[in-house]
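Encoded as structure tokens, the structure appears first; notes follow it.
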Amino acid sequence: MKKETAKYLNTIDLPFDKKRIKKDYKSIIKRQPDIGGNKNNLIMGVYTAAYFISVYKNNMNKMNEEIFDGFVKHVCSSSLFRKLNEGKDFFMERIRA
């Protein structure tokens, strides 16, 4: 997602500070309660939201709601994001034998 983020932010002249975003992302994830780890269908949503929040936090003085909305749409419609979520149904729990 870093590549897609940098690509979008560069088109609107906003800085992309990988180190600060990564630091904020790790901080957010550490504060989250355990919701079942990788076996939980919702974990990707938590990770994605934490990433979006950390990008916003690092550009909050320059990023309005319209720019943030465009950023989220750009990343979510990227080929990488679609590939990561291919064949997954987030509304159905896995059936465990």
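Would you check which residues across the range 2-29 are within 12 Å of the chain's Cα centre (by Cα), surrounded by fewer than 16 Cβ atoms within 10 Å (Cβ to Cβ) and polar (S, T, N, Q) and list them? Answer for the range 2-29, where residues must be within 12 Å of the chain's Cα centre (by Cα), surrounded by fewer than 16 Cβ atoms within 10 Å (Cβ to Cβ) and polar (S, T, N, Q): there is none. In the set (1) out of contact with any Phe, Trp or Tyr (no Cβ under 6 Å at 6 or more places or on another chain); (2) in a helix (DSSP H, G or I); (3) at pLDDT 75 or above; (4) not hydroxyl-bearing (Ser, Thr, Tyr), the condition left unmet by ALA50 is number (1).
The values are calculated or read from the model by the stated rules, or taken from the named source; none is laboratory data. Since the model is a prediction, treat every value here as computed from it, not as a measurement. Every residue, glycine as well, gets a Cβ built from its backbone with ideal geometry; the counts of neighbours run over all protein chains shown.
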